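Student: Mind having a look at this structure? Questions to follow.
Read-outs: derived from the displayed coordinates by stated rules, not from any lab. For clarity, every value in this text was computed on a predicted model and none was experimentally measured. Don't worry about glycine lacking a Cβ; one is built from the backbone with ideal geometry, like all the others, and counts go over all protein chains shown.
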Amino acid sequence: MTSTSTKLPASATAGKGTMVAFDDVSRVFGAMTALDGLSLTAQPGELLALLGPSGCGKTTALRLLAGFDRPTSGSVLVDGKDVSGVPASKRDMGMVFQSYSLFPTMNAADNVAFGLKVRRRGGSERRTTAVELLELVGLGGHEHKYPHQMSGGQQQRVALARALAIAPRVLLLDEPLSALDAKVREQLREEIRRIQTELGVTTVMVTHDQEEALSMADRVAVMKAGRLEQCAPPADLYDRPASVFVAEFVGTMNHLTAVTQSGGMVRVFDLVVAADGAHRPPDKEVTVLVRPEALVVAPADAGWIVTSSVFRGASTRLRLQRPGERELVADIAAHRTGELPVGATASVALLDRPVLVGS
Ligand SMILES: Nc1ncnc2c1ncn2[C@@H]1O[C@H](COP(=O)(O)OP(=O)(O)OP(=O)(O)O)[C@@H](O)[C@H]1O
Ligand SMILES: [Mg+2]
């Protein structure tokens with residue numbers, strides 16, 4: 001924490017600098033392998049997002065970190081030490097769940113101070129911490145409100161304050177924003193990130209929302225069927241996905257037909273660009289994956305027809321068709337929307353960037 005940042009409760013800053021890791025962790029439930037040899041480290045102070053489709057093992061992984069469950073094999077490490085024998089209550093991890101999990105009969109302050117009461121801290125310390133933390137999450141003055149008197153977003157703020165009150169070494173968030181509406185979700189994303197950065201508390205956040213993962217995390221771990229597909233900073237993951245699965249999961253992709261050239265290049269739409277992924281001998285037809293913003297669309301009599309145009313604020317998303325070819329999705333700057341209305345004919349080219357070879 002720097003001296004210029006807002007004053008933070010000392011109670012909430014003790015967690016700085018903890019490293020947590022999965023070392024070849026598997027978790028098997030009967031015939032179901034929920035985690036299959038997962039190795040992954042969250043660095044001290046980092047926000048690591050676990051991203052993947054439903055059922056890929058995200059919650060299972062988080063529960064193993066929290067100590068609510070134990071690996072079938074492999075180990076969970078905190079600052080390099082195997083914590084298999086350490087019960088959840090002794091792991092000093094704060095957790096926020098998807099559904100509002102506040103105690104309905106306690107007001108906001110008592111909810112926040114609950115963990116301190118369990119730890120037998122005195123009344124005045126509990127009150128001070130609760131007031132400071134509610135302030136931190138933007139709920140100063142709401143100490144006496146009960147959960148049913150607060151909105152979903154406010155309840156999740158209280159849940160966050162409650163998780164932070166015990167000065168956790170690690171903060172664990174399981175889809176904390178998924179029950180909230182879009183506007184509140186975006187606001188809270190920014191706030192959780194601000195608080196997490198200021199406190200420097202190592203955080204592992206589970207989500208199946210790629211936008212949430214990319215916008216909040218220092219690094220994103222993409223999981224598939226209990227395995228790690230790729231772990232990388234958001235921009236790397238988006239620009240240089242390691243697999244077709246990752247590419248498709250972290251955004252929209254066009255599938256274009258291309259022909260391999262020598263030297264790891266491919267020809268797409270008369271343009272020769274570098275290709276990531278498995279290199280193949282020349283003159284083979286392959287599919288390449290291209291982001292909507294990597295296509296250049298212009299009004300022209302070149303066979304493509306705009307079939308749909310959806311205004312998205314800063315950009316407009318077009319769909320284009322040409323007989324015998326797959327539909328394309330392209331993003332153009334919003335001020336060009338009028339140039340390419342539905343029914344317009346267009347040319348499509350490619351920005352000179354590496355493309356990912358699919359199959
Ligand atoms: N206690 C359990 N008993 C049996 N199977 C379980 C148990 N917990 C999880 N599983 C199975 O393990 C797999 C992974 O579940 P998990 O809850 O970790 O997925 P997830 O990635 O969090 O999914 P979601 O995005 O839907 O929350 C699923 O197939 C699930 O049915
Ligand atoms: Mg889950």
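Student: Average the reciprocal distances over every distinct pair of alpha-carbons in the chain, invert the result, and give the Kirkwood radius in Å.
Tutor: 22.8
Student: So, one more: What distance in nm separates the two pseudo spin-label positions at residue 337 and residue 322, each 7 Å out from Cα along the beta-carbon direction?
Tutor: Rounded to a tenth, the inter-label distance reads 2.6 nm.
Student: Does the stretch 203-346 come out rounded, prolate or oblate, given a ≥ b ≥ c as the square roots of the eigenvalues of its C-alpha gyration tensor, rounded meaning a/c under 1.5 and, failing that, prolate meaning a/b above b/c?
Tutor: Cα axes put the stretch 203-346 in the oblate bin.
Student: If amide H atoms are built 1.01 Å from N in the plane of the peptide, which residues on other chains or at least 5 residues away come under 5 Å of the amide H of residue 205?
Tutor: 48, 49, 50, 173
Student: Quick one: if the Förster radius is 22 Å, what FRET efficiency do residue 86 and residue 23 give, using the C-beta to C-beta distance and rounding to 0.05?
Tutor: On the way: r = 15 Å, r/R0 = 0.69.
E(calc), rounded to 0.05, equals 0.90.
Student: What does the highest-first list of 288-296, 97-105, 58-66 look like by mean Cβ count within 10 Å?
Tutor: Those peptides, ordered most packed to least, come out 58-66, 288-296, 97-105.
Student: Determine, from the Cβ-Cβ distance of residue 103 and residue 191 and an R0 of 25 Å, the FRET efficiency 1/(1 + (r/R0)^6), rounded to the nearest 0.05.
Tutor: Step by step, r from the Cβ atoms, then E = 0.65.
Student: Right, here's the next one. Once a ≥ b ≥ c are taken as the square roots of the eigenvalues of the Cα gyration tensor of the stretch 305-346, is the result rounded (a/c under 1.5), prolate (a/b larger than b/c) or oblate (a/b not larger than b/c)?
Tutor: It is prolate, given that a/c is not under 1.5 and a/b is the larger ratio.
Student: Once you sort the root eigenvalues of the Cα gyration tensor of the stretch 122-175 as a ≥ b ≥ c, which label holds: rounded (a/c under 1.5), prolate (a/b larger than b/c) or oblate (the other case)?
Tutor: Oblate is the answer for the stretch 122-175, as a/c is 1.5 or above yet b/c matches or exceeds a/b.
Student: Would you work out the relative contact order for the stretch 254-357, in percent, from Cα pairs under 8 angstrom that are 6 or more residues apart?
Tutor: 33
Student: Out of residues 5 or more away from residue 350 or on other chains, whose amide H comes under 5 Å of its own, with H placed 1.01 Å from N in the peptide plane?
Tutor: Hits under the 5 Å cutoff: 296.
Student: Using only the alpha-carbon atoms, how far is helix 108-118 inclined from the longest principal axis of the chain? Give it as 0 to 90 degrees, nearest 10.
Tutor: Between the helix axis and the principal axis of the chain, the angle is about 70 degrees.
Student: May I have the count of lysine pairs in the chain with C-alpha atoms under 23 Å apart, counting pairs 8 or more residues apart or located on different chains?
Tutor: Lysine pairs satisfying the spacing and distance rule in the chain number 11.
Student: Let me know the charge dipole size of the chain about its Cα centre in debye, to the nearest 20, where only the beta-carbon of Lys, Arg (+1) and Asp, Glu (-1) is charged. Please report the intermediate quantities before stating the final value.
Tutor: Values: 39 positive and 39 negative charges, 240 e Å.
Value, rounded to 20: 1160 debye.
Student: To the nearest 20 Debye, how big is the dipole of the stretch 187-288 about its Cα centre, given +1 on the beta carbon of each Lys and Arg and -1 on that of each Asp and Glu? Walk me through the numbers before you get to the answer.
Tutor: On the way: 10 positive and 15 negative charges, 61 e Å.
Dipole of the stretch 187-288, to the nearest 20 debye: 300 debye.
Student: Could you grab the relative contact order for the chain? Cα pairs under 8 Å, six or more apart, rounded to a whole percent. Walk me through the numbers before you get to the answer.
Tutor: Details: 785 pairs, mean separation 61.0, N = 359.
Relative contact order here is 17 percent.
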